[in-house]
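Below you'll find the structure, written out as structure tokens, and then a few comments.
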Amino acid sequence: MKKLIILLAFLSFSFIPQAQNIIGAWETTSISKDGDQIKSVLIFAKDYQVLSTYNALTGKFIQTNGGKWELEGDTMIKLIEFHTENAELVGTKISYKVRITTDELEIIERGLKFKRIDDGTPGKLQGAWLMSGRIRDGVTQSRDTNRPRKTMKILSGTRFQWIAYNTETKQFMGTGGGTYTTKNGNYTENIEFFSRDDAKVGLSLKFNYELIDGKWHHSGLSSKGDPIHEIWSIRE
């Protein structure tokens, strides 16, 4: 009995760090049948994650999917909120076995291995955020974050991705992502893929950012050159 208790304690302890260690960004690369280098980036924030695939050299967008996640032992369970390759999966749960170490995440059934990019640091905006409002001409316009139509931004310590989608209609509107930095009140995005316009790939966009009462105020010029002042709320 004593040995059994020790074994159970060890197993419980060994699974606890996985949920913590998975937070951050991960990547894997492959070569397509046409000889192109393909990159897949997986970002885990608390409760939410996103996986995106694109051409590593040109930035041409290929696919994205994501939503809510939980880890039970070595089983990853995902509730799909958006999926560009199969919209019918939206609203369903999928599960698969994973193996997580300090530097590697493996999806066992597929033999797919991701290398860690970061552990949620050093960026100061790590987490899953929902667009919750805008300020126009000094007037704050709030947005209900519980509605099906969402714009979510998921950030690790160095990677970002935004996704616009509708969980009710299963419609996907667009996405973009890459690397980011936060320094001296400046938030800078370096775009590596952009589903709506490949010409935006390679752009570096600098914004002002400030956390006010827990909300992220994001202001500057959009990728189209239009002035913006967005408000983002951390997703619960």
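Using the Cα atoms of the range 115-236 to build a convex hull, what is its mean projected area in square nanometres? Before the final figure, lay out the partial values.
On the way: hull surface 33.4 nm².
Computing the convex hull of the Cα atoms and averaging its projections yields 8.4 nm².
Per residue, the average separation of C-alpha pairs within less than 8 Å and at least 6 apart gives the range 135-236 a relative contact order of 16 percent.
If you average the alpha carbon positions of the range 176-227 and of the range 70-142, how far apart do those two centres end up, in angstrom? If you average the Cα positions of each part, the centres end up 20 Å apart.
Quick one: compute the contact order of the range 24-118, relative version, from alpha carbon pairs under 8 angstrom and 6+ residues apart, as a percent.
21 percent
With the contact rule set at Cα under 8 Å and sequence spacing of 6 or more, what percent relative contact order holds for the chain?
Numbers: 561 pairs, mean separation 35.0, N = 236.
The value is 15 percent.
Could you tell me whether the range 24-118 comes out rounded, prolate or oblate from its Cα gyration tensor? Rule is a ≥ b ≥ c as square roots of the eigenvalues, rounded for a/c under 1.5, then prolate if a/b exceeds b/c, otherwise oblate. Verdict is oblate for the range 24-118. When trypsin sites (Lys or Arg not before Pro) are flagged only if DSSP places them in a loop and at most 11 other Cβ atoms lie within 10 Å, the longest unflagged stretch of the chain comes out as 34-223.
State to the nearest 20 debye the size of the charge dipole of the chain about its Cα centre, where the only charges are +1 on K and R beta carbons and -1 on D and E beta carbons. Walk me through the numbers on the way to the answer.
Values: 32 positive and 28 negative charges, 44 e Å.
The dipole of the chain has a size of about 220 debye.
Against the chain, whose longest principal axis comes from its Cα atoms, helix 2-21 is set at around 20 degrees.
Counting heavy atoms of the protein chains only and a 1.4 Å probe, report the per residue accessible area for the chain as a whole number of Å².
That works out to 53 Å² per residue.
Applying 0.36 nm per residue to the separation of residue 146 and residue 88 and subtracting their alpha-carbon distance, the gain on full extension is 18.8 nm.
The values are calculated or read from the model by the stated rules, or taken from the named source; none is laboratory data. Predicted model, so just to flag it, every value in this text is computed and none were measured. Counting neighbours? That spans all protein chains shown, and the Cβs are built from the backbone with ideal geometry, glycine included. These accessible areas exclude ligands, DNA and RNA; they are computed on the full protein's heavy atoms, side chains included. Shrake-Rupley method; radii C 1.70, N 1.55, O 1.52, S 1.80 Å.
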